[in-house]
Amino acid sequence: MGLTEYKRKRDFSRTTEPAENGKVGRGNLFVVQKHAASRLHYDFRLELDGTLKSWAVPKGPSLNPTVKSLAVHVEDHPLSYANFEGTIPQGQYGGGTVMVWDYGTWEPEGDPATGYKKGKLSFALHGEKLSGKWSLVRMGGRAGDGGKNWLLIKADDGSANKRKNILTAEPKSVLSGREMDQIAAAKDSVWQSNGKQSSARNGMPSSGNLAKIVSQLTDAKKTTQPTEFKPQLATLGTHVPTGDMWLHEMKFDGYRLLAFFEKGNIRLVTRNGHDWTHKFPTLAQALGKLPLDSAILDGEVVSLDEQGLPHFQQLQNLLKRGDDQPLVYYVFDLPFCSGYSLTATPLLERKQLLAKILPPETSRKELRIRYSDHIEGQGESVLDNACRLAMEGVVSKQAQSGYVQARSRAWVKTKCLKRQEFVIGGYTKPSGSRIGFGALLVGYFEQGKLKYAGRVGTGFTTDTLRQVLAELKKHKTTVSPFENSPRGAQARGVTWVKPELVGEVEFTEWTNEGSLRHPSFQGLREDKPARQVVREGTTTVKNSPKKTHRTGKSANKPSNNSGHDFEVAGVTITHADRLLYPEQGLTKRHLAEYYEGIADWILRYVAGRPLTLVRCPQGSKGQCFYQKHLTDSLPDALRGVTVDKDEAQYVVLDDLTGLVSLVQMGVLEIHPWSSRAESLEKPDQIVFDLDPGPGVTWEQMIAAARNVRKRIASNKLESFVRTSGGKGLHIVVPLKPGGTWEAVKEFSKSIAFEMQNDESDLYIATASKAKRNKKIFIDYLRNSRGATSVASYSTRARAGAPIAMPLRWEELGRLKSADQYTVENSLRRLSSLKKDPWEDFFKIRQTL
C-alpha cells in the first residue's frame, strides 16, 4: 500500500504519530499495539517491504488454536510507528490511547511477499508475550469487504494455551511497563523523540551546528551510520597504567549499552546486539531530548545508591520490577555523530565533543543522561580513590587512540576487587530459616567444558533468593554439567541445572585448587551468553618507556626470552613477551589478543577442518616448520581426525580456545583443508592462488584476478577474492558439499590452462619457477586432496605481520599490495566495515 493512505488520514501538526518511515528493526519486526479508540482493539503489525503491514484485531490475539480472531486489514504504517506509545488527540483519526503491548521479531514460512499476495501468511513470532507459529488467512470475500477481512490463528504447538487469556494475564506495555490509564494520564504524548523539541539550550549546540563541528574533527569520515555496531572492550590489567598518554574513568557496575539515534528514533542495544529499548523507556525518552539526529553513544546504565555509587544488585531488582525511572546512563564515548564516523578520531577529541552535547553540570540531576568524566594521568591515585569509594575499579584509555570494535590494549580495566561472570550449574537446599536455596554451584568454560569453581552462598536478599530460584527451576536437569563435578558429600542434596544462567560474583582471590575465596553474589546477568564465560586472565600493561643509557636495537624492547605469562580465552600463554614479529614489536601476547579479537571472523573458515600449521617458535625471523599431525604434546583444546588408514591423525580445532592454543604453540600460519572433518571427501570450495613471478606489476595482478572471476562466472558460479598476505591473490569459489576432489581439481585445472593458452605471455599453469619471469602462476594444485591454502584472517610468517584479508570485489582496484593488511591495522578495517565482505560466502549453494 505504501504510506500515502496513512499520511492522508493524519494531521501531523496535531498528532505526535511519526510521519516518516524511520529505521526500526532489521527487516522482520513485529509489534502489537493496544488501541483505545472509539472501541478497544489490538493493532497487529508485521514489517514487510519497508512498512508495517497492519491488521486491527477487535478481540485481540488468542493463544487458543481453536479461536479464529477477525483481523481487519488497514493502511500500512511507517516502521517508526512500532515505538509509538502515547495519546492521539480526540478528533484526529484513531484518537485515543496507544500502548506497545508486545514487540519482537517474526520469521515467515516461505516467501512472505508471495504469501501476503495470495492471502495466507504463516510465520513464527518471537515476542515478549506472543511466540510460536501463527497464520493470517484472508477470508473468502464477503460482498463489500474489499478483501480486508482476515483471520489471525494460533497454531497448535508448544506455545498454544486453550485456558490462558493472554490479554488479561499480560496487560502492561512491554515498552514502559505502564497500563493504559497510566499512559493516558502521562504528560508525555509519545515515548520517542519526534524532533520538535528545542535542543539549542544550556549552551548545547543545535543539530545544524553540530554537523559542522563534527566535520572539523581529526580524521572524521563522512559515511552512512551503521545499523549494527560492536562496542570496544577493555583488557584486564594487573596494574593501572601511568603516564600522561592515559586518561582514567571510573569503572561502572552496570549494563553496557550502545544508544543508536536514527532519524528521531532511539535504540538501546547491549554489547551482544540485543535490543533492550523496551527495558529503558525513561532513558530513551531522556536521550530523545539531545540535539542528535544520527549518532551512536557508548555508555553504561547504572543504579545509584544513597551515596551516589553504582549498585549492581539494586539495578537487577529495578529491572525485575520493570522500573527504569531511577536509572542513570553514563556516556563515555561517541564513535559516530551527525553522519560522520569518529572511529579514527582521537579519544580526547571525541570526549570533548561529547561533553558539549550532553547536559551541563548544573542540570545533570534533572536528567538521566550524564557525561562520564576522566582524569588525565595520575593513574595510581585515581585507582586508590576509586577503591576507597568502593568502586569496582578504573578503565584507563590511551588519549589519542581511535575506537575499535573489539577487545583492545588501548583500553585497560583495573579492578579493586576481583569480579567476573560465572555459569550456574546447580544449587543446594536451604537450611535453618533461609528460603529459596542455600548456595549456587558455579563454574566457567574451558576448552568447551564447564569447570567447577566453588559455591556462592552470600550476597542474597530475600527477594533475590526467590527470583533466582524461579529462574533455576526453569533449567533443572538430572545430571551435573561440570566436568570436574563435586562428588560424595559435596554433591549430596544438589539440584543440577543446565549451564545456561550467568551470575556475577565478587571474590577476593582464586585458591591454589582453582576455587573462589570469599565469593559474594551480585546478580544474574542477562546480557552475556553462558558459553562466552571463561576464567578471566590478566595482563600487565607496560607504561611509556623511560629514558635509558643502554644502547643497541633492543634497548627498549621486551626480551625474547621473557618468562611473563598471562591468559587469553582460558589459555595460558607462556613467554608472552616473546617477540614474534620484531620489526613491529609484536609478541605472543599481541598475537593471542589479535585472534581473540577476530575470533568471530576467522573461526568460520578454520573450525572443524583438518589443518596444516606453520610453527615458528622463535618468531617470523626464526626457523619455521610445518605440522599437520596430532601429537601427545599438543594442547587438549585440539582434536584429531583420521584422514587415511594407518596414518597419524590430522589436527582440528573447534573454538576460540583451540585457536588461541595455536599461538601458544608458536603457530604463525593456519592452512585448512577445503573440506570439513566430518565429510573429508566432499570439498566445499575451490581456491585459485595467483602467484606473481619477477617483473609482474600489481595492475597485472588485479587484472588477472578479474579475469579468473569472469571465467568462473561464465560457468554460472560466484567467487570471492582475498589478499594472500604474501605476494598474490586468492580467488575462492564456495560449493555445496557433494562433488569430488577429482572434479574440483579438473575444473580449476581447465580454467588455469585456458588462461595460459589464451595469454601465454602473461599466465602459466605449471609449477616451474624457471619459467615464471614476468608471468603469473595460476596455482590450481591447491585443490588436490590434502592440499591446503592459508585461511582468511590468518597471519603469515613474513615481515610486517601481514594477514590474508577477504575483500569485496569493488575494493580490489583500491588495493595497493597483497600484504597491505596486517595484525596492526586489520582490526581498524574490520571495525569500519558496514558488513562482512564475504557475507554471502556460506549462504551460496552452488555446484559444478
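Kindly indicate which of Lys774, Lys716 is farther than 30 Å from Gln584 by Cα, touching a Gly at 6+ places or on another chain (Cβ under 6 Å) and surrounded by fewer than 16 Cβ atoms within 10 Å (Cβ to Cβ).
Lys774
Can you say whether His575 is touching a helix residue (DSSP H, G or I) at 6+ places or on another chain (Cβ under 9 Å), in contact (Cβ under 8 Å) with a residue 12 or more places away in the chain and open to solvent by 20 Å² or more (accessible area, probe 1.4 Å), as far as the supplied structure shows? Yes; evaluated as a whole, the condition is true for this residue. Every condition in (1) open to solvent by 10 Å² or more (accessible area, probe 1.4 Å); (2) closer than 29 Å to Cys387 by Cβ; (3) in contact (Cβ under 8 Å) with a residue 12 or more places away in the chain holds for Ser338 except the one numbered (2). If you filter the stretch 101-145 down to residues that are modelled with pLDDT of 90 or more and among the β-branched types (Val, Ile, Thr), you find that the one that is surrounded by the fewest Cβ atoms within 10 Å (Cβ to Cβ) is Thr114. Scan the stretch 686-708 and give yes if some residue there is under 34 Å from the mean Cα position of the chain (by Cα), in contact (Cβ under 8 Å) with a residue 12 or more places away in the chain and over 25 Å from Asn773 (Cα atoms), otherwise no. Within the stretch 686-708, one or more residues are under 34 Å from the mean Cα position of the chain (by Cα), in contact (Cβ under 8 Å) with a residue 12 or more places away in the chain and over 25 Å from Asn773 (Cα atoms).
Would you call Ala599 modelled with pLDDT under 95 and either open to solvent by 30 Å² or more (accessible area, probe 1.4 Å) or over 26 Å from the mean Cα position of the chain (by Cα) (or both)? Step through it out loud before you land on a result.
Values: modelled with pLDDT under 95: yes; either open to solvent by 30 Å² or more (accessible area, probe 1.4 Å) or over 26 Å from the mean Cα position of the chain (by Cα) (or both): no.
The answer is no for Ala599.
Output the residue which, of all residues in the stretch 156-192 that are in a loop (DSSP other than H, G, I, E, B), among the hydrophobic types (A, V, I, L, M, F, W, C) and at pLDDT 75 or above, is surrounded by the fewest Cβ atoms within 10 Å (Cβ to Cβ). Only one residue tops the list, namely Ala160.
The residues in the stretch 635-653 that are under 22 Å from Lys451 (Cα atoms) and surrounded by fewer than 18 Cβ atoms within 10 Å (Cβ to Cβ) can be counted, and the count is 3. Every listed requirement among (1) modelled with pLDDT of 90 or more; (2) open to solvent by 60 Å² or more (accessible area, probe 1.4 Å); (3) not aliphatic (A, V, I, L, M) is met by Glu824 save one, (1).
Cβ-Cβ contacts under 8 Å between residues 6 or more apart (or on different chains), taken from a first residue in the stretch 115-127 that is closer than 13 Å to Ala71 by Cβ to a second residue that is modelled with pLDDT under 90 and small (Gly, Ala, Ser), are listed as Gly119/Gly147.
For every residue, the table says whether it meets (1) touching a residue at least 24 places away in the same chain (Cβ under 8 Å); (2) open to solvent by less than 20 Å² (accessible area, probe 1.4 Å).
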residue	(1), (2)
Ala36	yes, no
His41	no, no
Asp49	yes, no
Leu52	yes, yes
Pro61	yes, yes
Val67	yes, no
Asp76	yes, yes
Tyr81	yes, yes
Pro89	yes, no
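Being within 24 Å of Trp698 (Cβ to Cβ), part of a helix (DSSP H, G or I) and of a type outside the set (A, V, I, L, M, F, W, C) is the filter here; which residues of the stretch 724-756 pass it? Once the filter is applied, which keeps residues that are within 24 Å of Trp698 (Cβ to Cβ), part of a helix (DSSP H, G or I) and of a type outside the set (A, V, I, L, M, F, W, C), the stretch 724-756 yields Ser748, Glu754, Gln756.
Note on the stretch 289-302: residues that are in contact with a Phe, Trp or Tyr (Cβ under 8 Å, 6 or more places away or on another chain) and either part of a loop (DSSP other than H, G, I, E, B) or over 24 Å from Glu85 (Cα atoms) (or both) total 7.
Within the stretch 674-692, track down each residue that is among the small types (Gly, Ala, Ser) and surrounded by 16 or more Cβ atoms within 10 Å (Cβ to Cβ). Reasoning before the result, please.
Taking the stretch 674-692 first, the residues among the small types (Gly, Ala, Ser) are 674-675, 677, 679.
Passing the criteria: Ser674, Ser675, Ala677.
Can you tell me which of Val72, Val32 is over 19 Å from Glu85 (Cβ atoms), part of a strand (DSSP E or B) and either in contact (Cβ under 8 Å) with a residue 40 or more places away in the chain or touching an Asp or Glu at 6+ places or on another chain (Cβ under 6 Å) (or both)? Outline the logic, then answer.
Working: Val32 fails: over 19 Å from Glu85 (Cβ atoms).
None of the others qualify; the one that does is Val72.
Given the criteria surrounded by 20 or more Cβ atoms within 10 Å (Cβ to Cβ), outside any loop (DSSP other than H, G, I, E, B) and of a type outside the set (Asp, Glu), does Arg711 qualify? For Arg711, the condition - surrounded by 20 or more Cβ atoms within 10 Å (Cβ to Cβ), outside any loop (DSSP other than H, G, I, E, B) and of a type outside the set (Asp, Glu) - is not met.
Residues checked against (1) in a loop (DSSP other than H, G, I, E, B); (2) touching a residue at least 40 places away in the same chain (Cβ under 8 Å); (3) in contact with a His (Cβ under 8 Å, 6 or more places away or on another chain):
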| site | (1), (2), (3) |
| --- | --- |
| Arg350 | no, yes, no |
| Asn385 | no, no, no |
| Ser401 | yes, yes, no |
| Lys413 | no, yes, no |
| Phe422 | no, yes, no |
| Gly425 | no, yes, no |
| Lys429 | yes, yes, no |
| Gly432 | yes, no, no |
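Every listed requirement among (1) farther than 20 Å from Gln314 by Cα; (2) open to solvent by 40 Å² or more (accessible area, probe 1.4 Å) is met by Ala453 save one, (2). For the residues Val442, Val423, Val479, the requirement of being among the aliphatic types (A, V, I, L, M), closer than 30 Å to Leu638 by Cα, modelled with pLDDT of 90 or more and open to solvent by 50 Å² or more (accessible area, probe 1.4 Å) singles out Val479. Is the stretch 313-328 home to any residue that is modelled with pLDDT of 80 or more, assigned to a loop (DSSP other than H, G, I, E, B) and among the hydrophobic types (A, V, I, L, M, F, W, C)? Yes, there is a match, as at least one residue in the stretch 313-328 is modelled with pLDDT of 80 or more, assigned to a loop (DSSP other than H, G, I, E, B) and among the hydrophobic types (A, V, I, L, M, F, W, C).
Quick grid of which residues meet (1) outside any helix (DSSP H, G or I); (2) at pLDDT below 95:
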| residue | (1), (2) |
| --- | --- |
| Asp761 | yes, yes |
| Ala767 | yes, yes |
| Lys774 | yes, yes |
| Ser792 | yes, no |
| Glu811 | no, yes |
| Gln820 | yes, yes |
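Before we move on, is Glu678 assigned to a helix (DSSP H, G or I), farther than 26 Å from Gly237 by Cβ and within 30 Å of the chain's Cα centre (by Cα)? So Glu678 fits the description; yes.
Could you list all residues from the stretch 683-708 that are assigned to a helix (DSSP H, G or I) and hydroxyl-bearing (Ser, Thr, Tyr)? Break it down stepwise before answering.
Here is the first cut: in the stretch 683-708, the ones assigned to a helix (DSSP H, G or I) are 698-708.
None - no residue of the stretch 683-708 is assigned to a helix (DSSP H, G or I) and hydroxyl-bearing (Ser, Thr, Tyr), so the list stays empty.
The values are calculated or read from the model by the stated rules, or taken from the named source; none is laboratory data. The model shown is predicted, which means the values in this text are computed figures rather than measured ones. Note that each Cβ is placed from the backbone with ideal geometry, even for glycine, and that neighbours are counted across all protein chains shown. We work out accessible area using only protein heavy atoms, side chains counted, and drop any ligands, DNA or RNA first. Shrake-Rupley method; radii C 1.70, N 1.55, O 1.52, S 1.80 Å.
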